[in-house]
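Notes for the one structure printed next.
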Amino acid sequence: MQLIDIGANLTHDSFDHDRDAVLQRARDASVTRMVITGASREHSPKALELAQAHPEFLYATAGVHPHHAVEYTAECDAEMRALLAHPEVVAVGECGLDYFRDFSPRPAQRKAFERQLQIAVDTGKPLFLHQRDAHDDFVAIMREFEGRIGTAVVHCFTAGKRELFECLDRDWHIGITGWLCDERRGQHLRELVPNIPANRLMVETDAPYLLPRTLKPLPKDRRNEPAFLPHIVEELARDRGEAVAVTAEATTATAAAFFRLP
């Protein structure tokens with residue numbers, strides 16, 4: 001089994017003391033490639049540095065998460081464009097809208113999102129998207145760029161049936177995380193994931209966040225890491241009614257094609 005974790009926040013400071021060990025545990029768990037999420041002006045360059053230090057194992061995205069939208073200046077736009085010129089940076093984002101926390105004003109979120117969508121138009125690179133409690137505005141902004149942007153994945157999908165089918169109708173990909181394993185918040189996802197076509201489905205940990213609650217035993221520090229990706233794949237396969245090997249092979253092939261990985 002070979003797996004690709006399409007979203008791991010390995011520049012997070014919780015990995016500073018044991019990052020190499022985390023990478024080795026991922027390899028030992030059959031995670032053969034990872035895409036390191038760049039989600040701010042500070043962490044997008046760090047994601048590239050990690051990818052360059054581990055060629056053909058780690059790749060990166062470059063973008064500004066809606067939580068950090070207020071930092072999206074003209075200088076920031078230039079920085080993101082420079083990062084995306086590197087071959088190791090395989091997607092634009094994490095970008096989008098988050099009305100759940102509203103850490104940045106909504107007008108600033110929308111503006112930052114639009115500017116990053118323009119980068120995707122200009123570079124031709126795929127989009128790594130974030131949406132929480134903002135689906136209608138999110139779709140409306142994406143619609144303005146229809147026909148000009150390429151492929152897109154709605155990472156860490158947590159929404160409902162209407163939102164899922166609207167995403168699939170637009171040929172967007174879906175990233176599934178350990179949210180699926182949360183009996184408090186993710187039960188609806190277990191019923192929805194069989195509807196996702198295999199060529200639109202990818203898997204991710206979103207480490208260090210979203211530790212799968214069904215993992216036994218749970219790590220004492222409650223930190224998620226890429227080595228736990230096989231557990232998510234097992235849960236996903238069960239909910240889709242297919243063999244683990246089938247889910248693993250399909251999600252890996254889909255991710256490799258989406259991010260144009262060698």
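Taking the highest mean first, how do the peptides 114-121, 20-27 order by number of other beta carbon atoms within 10 angstrom per residue?
Numbers: 114-121: 20.0, 20-27: 16.1.
With the highest mean Cβ count within 10 Å placed first, the list reads 114-121, 20-27.
Using a probe of 1.4 angstrom and keeping all protein chains present, the accessible surface of the chain works out to 42 square angstrom per residue.
Modelled label positions at Glu166 and Ala245, each set 7 Å beyond Cα in the direction of Cβ, lie 4.0 nm from each other.
Going by average Cβ neighbours within 10 Å, how do the peptides 179-185, 215-221, 128-134, 40-46 rank, with the highest at the top?
On the way: 179-185: 15.6, 215-221: 9.3, 128-134: 23.1, 40-46: 19.6.
With the highest mean Cβ count within 10 Å placed first, the list reads 128-134, 40-46, 179-185, 215-221.
If you sort Thr158, Thr177 by accessible surface, 1.4 Å probe, largest first, the order is Thr158, Thr177. Name the most mobile residue of Thr73, Thr61, Thr247, meaning the one with the largest mean-square fluctuation, in a Gaussian network model of the chain with Cα contacts below 10 Å. It is Thr73. The portion of the accessible surface of the chain made up by carbon and sulfur, rounded to a whole percent, is 50 (1.4 Å probe; DNA, RNA and ligands excluded). Summing charges over neighbours of Ala245, with a neighbour being any other residue whose Cβ is under 14 Å away from its Cβ, gives -1 when K and R count +1 and D and E count -1.
In the elastic network of the chain, a GNM with C-alpha springs shorter than 10 Å, the most mobile of Gly175, Gly160, Gly96 is Gly160.
Between the stretch 1-65 and the stretch 190-208, what is the separation of their alpha carbon centroids in Å? Here the two parts' Cα centres lie 19 Å apart.
The values are calculated or read from the model by the stated rules, or taken from the named source; none is laboratory data. As the structure is a prediction and not an experimental result, all values here were calculated from the model. Cβ coordinates were reconstructed from backbone atoms using ideal geometry, including for glycine residues, and neighbour counts include every protein chain displayed. All accessible areas refer to the heavy atoms of the entire protein, side chains included, with ligands and DNA or RNA removed. Shrake-Rupley method; radii C 1.70, N 1.55, O 1.52, S 1.80 Å.
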